[in-house]
1. Take LEU170 and tell me if it is in contact with a helix residue (DSSP H, G or I) (Cβ under 6 Å, 6 or more places away or on another chain) and buried (at least 16 other Cβ atoms within 10 Å of the Cβ).
2. Somewhere in region 209-218, is a residue surrounded by fewer than 23 Cβ atoms within 10 Å (Cβ to Cβ), among the polar types (S, T, N, Q) and touching a residue at least 60 places away in the same chain (Cβ under 8 Å)?
3. Out of (1) in contact (Cβ under 8 Å) with a residue 40 or more places away in the chain; (2) surrounded by 14 or more Cβ atoms within 10 Å (Cβ to Cβ); (3) touching a helix residue (DSSP H, G or I) at 6+ places or on another chain (Cβ under 8 Å), the odd one out for LEU60 is which?
4. Tally time: how many residues in region 115-131 are loosely packed, with under 15 Cβ neighbours inside 10 Å and either among the polar types (S, T, N, Q) or in a helix (DSSP H, G or I) (or both)?
5. Out of region 165-182, which residues are aliphatic (A, V, I, L, M), within 13 Å of ALA256 (Cα to Cα) and in contact (Cβ under 8 Å) with a residue 60 or more places away in the chain?
6. Considering only residues that are within 14 Å of GLY211 (Cα to Cα) and in a helix (DSSP H, G or I), which ones fall in region 226-274?
Amino acid sequence: MSGIVSLLPAATDIVLALALGDDLVAVTHECDERARTGRQVVVRAGHTRSVLDVDALAGLDPALILTQDLCAVCAVPAGDVDLALARLGSDAAVVTLDPHSLADVLVGIAEVAQCAGVPQRGEALVAQLRSRLADVCLAVEGRERPRVAVVEWTDPLYLAGHWIPDMVALAGGICAAGHPGAPSHPTGWKTLRTARPDIVVVAPCGYDLDGAAKQAEEVAARVAEMVGPVPVWAIDADALIVRPGPRLVDGVEALASVLHAGAVAEHAGVRRVA
């Protein structure tokens with residue numbers, strides 16, 4: 001396989017985890033710096049959504065393009081890609097990743113490997129990720145499961161959707177007021193109070209640990225007013241929570257270290273703020 005274009009950071013993570021870095025020719029502005037180095041950036045930030053640089057794409061003649069249909073803010077929608085390819089007369093294969101659960105994410109990894117011509121690598125990677133998840137489940141087995149509210153955004157308040165409730169469950173918790181397999185949506189702070197969480201984890205979409213910690217301090221003050229002293233943690237959302245790729249397994253391990261300290265090793269991607 002040669003000429004892979006990734007139009008979202010999660011797909012870039014998948015390609016690199018499959019050891020296909022030599023074939024990766026283009027990425028997005030939101031990919032890690034190491035992934036952007038030496039590669040064409042074909043997706044840039046627009047005013048309200050990500051924008052595909054069609055002219056930059058035209059000079060690449062890719063064989064495989066990886067895109068998504070989950071969020072127009074985070075990456076270019078598949079429909080925009082189809083229009084661009086029609087305009088360019090390109091016959092590149094397009095894989096649209098649209099996961100709604102952690103199981104969907106693992107299926108997507110295998111699909112990318114299949115389309116890139118390395119199915120065995122995909123099988124091996126998925127097996128490795130499943131093994132790590134099984135290790136976490138074994139470590140927290142039989143322990144009391146706290147109620148966990150995961151805050152994806154603070155103003156307005158968004159509580160965990162898509163694959164995040166799956167992550168909480170595997171980490172040994174109960175996702176309070178989440179939306180398993182469905183998009184998160186604005187909800188009032190009353191919902192958080194009614195959910196009676198034992199722990200609040202602040203994971204604002206697109207923010208690193210420092211950015212999450214700053215927002216978590218504001219959340220902690222509000223939670224203290226509503227429900228009293230509840231532990232509030234910040235997590236590196238960009239690295240561990242919001243990218244539907246291999247990093248979500250790191251996220252499960254990080255969440256487990258918060259929910260079951262002592263049973264799971266401490267993780268550098270989390271920080272208690274209250």
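1. So LEU170 passes the test.
2. Looking for residues that are surrounded by fewer than 23 Cβ atoms within 10 Å (Cβ to Cβ), among the polar types (S, T, N, Q) and touching a residue at least 60 places away in the same chain (Cβ under 8 Å), one finds at least one in region 209-218, hence yes.
3. Evaluating LEU60 over (1) in contact (Cβ under 8 Å) with a residue 40 or more places away in the chain; (2) surrounded by 14 or more Cβ atoms within 10 Å (Cβ to Cβ); (3) touching a helix residue (DSSP H, G or I) at 6+ places or on another chain (Cβ under 8 Å) leaves (3) as the failure.
4. Summing the residues that are loosely packed, with under 15 Cβ neighbours inside 10 Å and either among the polar types (S, T, N, Q) or in a helix (DSSP H, G or I) (or both) in region 115-131 gives 8.
5. Across region 165-182, the qualifying residues are MET167, VAL168, LEU170, ALA171.
6. ALA237, ASP238, ALA239, LEU240
Residues are listed down the side, and each one gets a yes or a no for (1) farther than 18 Å from VAL95 by Cα; (2) at pLDDT 85 or above:
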{"residue": "LEU16", "(1), (2)": "no, yes"}
{"residue": "HIS29", "(1), (2)": "yes, yes"}
{"residue": "ARG36", "(1), (2)": "yes, yes"}
{"residue": "GLN40", "(1), (2)": "yes, yes"}
{"residue": "VAL43", "(1), (2)": "no, yes"}
{"residue": "ARG49", "(1), (2)": "yes, no"}
{"residue": "LEU57", "(1), (2)": "no, yes"}
{"residue": "ILE65", "(1), (2)": "no, yes"}
{"residue": "ALA75", "(1), (2)": "no, no"}
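The values are calculated or read from the model by the stated rules, or taken from the named source; none is laboratory data. Quick caveat: nothing in here was measured; it's all calculated off a predicted structure. Note that we place each Cβ from the backbone using ideal geometry, even for glycine, and neighbour counts take in every protein chain shown.
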